[in-house]
């Protein structure tokens, strides 16, 4: 959680995005556990901020057609 706080405080929800295939999460308990931590962390954010984090920022950053 402290790492997430630092990232969101430094960049804000419009500049942070979700990414998977992070091998470190396997050391700490697997993908499901890492995903659960993120889902819990994002709960206080607005629906729009959550949508940005879970995919909207990636679409915008990479210029994807969604």
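The values are calculated or read from the model by the stated rules, or taken from the named source; none is laboratory data. Predicted model, so just to flag it, every value in this text is computed and none were measured. Neighbour counts are summed over all protein chains in view; Cβ atoms, including those assigned to glycine, are modelled from backbone coordinates with ideal geometry.
Listed values, structure above:
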| item | result |
| --- | --- |
| Some residue of segment 36-44 being surrounded by 13 or more Cβ atoms within 10 Å (Cβ to Cβ) and at pLDDT 95 or above | yes |
| Tally, over segment 1-31, of residues that are at pLDDT 90 or above and in contact with a helix residue (DSSP H, G or I) (Cβ under 8 Å, 6 or more places away or on another chain) | 7 |
